[in-house]
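In what follows, a single structure is set out as structure tokens and then discussed.
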Amino acid sequence: MAYRKLRNIKGKILDKALEIGANEGVYNITARKIAKNCDISTHTIYNHFLSMRELIDTIAFNYDRKYMEDIKKVILEGYSKQEIFYHFLDIFIREKNNTLYYISYVHCYGFNPTCKNDRTSEFVPYARYIFNDDIDDNTIMFLWDFITRILFYYAEKIIKGFIPYDEHYKSMMFNAITQGIDSFIKNDIK
């Protein structure tokens, strides 16, 4: 019996799962759907991933890591807070499948916005640049969660055509977010 050589099958599995997650939600990703769309068996999927949760997490973590590297870069290059906001909003809209997948992933599996998050040490230094050095780590994590969720929220509304993507709306979004955060910091943090 001859076996066919599968090239970059792990990448194809990840791509198909990303597509399903973006279009149908991560809760609809199944080994059978992926296998059918990749013309492989479900066994092939489990040769590359121990579980569906590992596969689903891998896509989200790859996405997250990519943007953590990007935020490091733009901070080191001296982008203003507004430039950072616009930069990521542009990316999230341009990379709509990644964005819709990640929104679904966070909705299903959540994000721990406290210091108990095992990636706090990664998030806090960059979040401090955006917020304020005098804020405790738990508050920083809360604000980080807030701003990223708002960015994703607006990106999703733009992707789905609910609001236009022009300078007026970009400015309104940025002002609403920064005014809310500034008010929170001034009034609620003693």
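The values are calculated or read from the model by the stated rules, or taken from the named source; none is laboratory data. Model, not experiment: these values are computed from the prediction. Note that each Cβ is placed from the backbone with ideal geometry, even for glycine, and that neighbours are counted across all protein chains shown. Accessible surface areas use protein heavy atoms only, side chains included; no ligands, DNA or RNA. Shrake-Rupley method; radii C 1.70, N 1.55, O 1.52, S 1.80 Å.
Structural remarks
- Picking from residues in region 50-78 that are polar (S, T, N, Q) and touching a Leu at 6+ places or on another chain (Cβ under 9 Å), the one that is farthest from Asp145 (Cα to Cα) is Thr58.
- Candidates are the residues of region 106-160 that are within 26 Å of Ser171 (Cβ to Cβ) and outside any helix (DSSP H, G or I); the one that is most open to solvent (accessible area, probe 1.4 Å) is Lys160.
- Taken over region 18-59, the residue count meeting the criterion of being outside any helix (DSSP H, G or I) and not hydroxyl-bearing (Ser, Thr, Tyr) is 6.
- Number of the condition not met by Gly11 [criteria: (1) part of a helix (DSSP H, G or I); (2) modelled with pLDDT of 90 or more; (3) open to solvent by 50 Å² or more (accessible area, probe 1.4 Å)]: (3)
- Residue match in region 46-60 (condition: closer than 20 Å to Met141 by Cα, open to solvent by 40 Å² or more (accessible area, probe 1.4 Å) and polar (S, T, N, Q)): no
- Tyr79 part of a helix (DSSP H, G or I), of a type in the set (Ser, Thr, Tyr) and either open to solvent by less than 100 Å² (accessible area, probe 1.4 Å) or in contact (Cβ under 8 Å) with a residue 60 or more places away in the chain (or both): no
- Every pair of residues 6+ apart whose Cβ atoms lie under 7 Å, when the first sits in region 51-72 and is in contact (Cβ under 8 Å) with a residue 24 or more places away in the chain while the second is open to solvent by 20 Å² or more (accessible area, probe 1.4 Å) and among the aliphatic types (A, V, I, L, M): Thr58/Leu14; Ile59/Leu14; Ile59/Leu18
- Some residue of region 90-99 being part of a loop (DSSP other than H, G, I, E, B) and open to solvent by 60 Å² or more (accessible area, probe 1.4 Å): no
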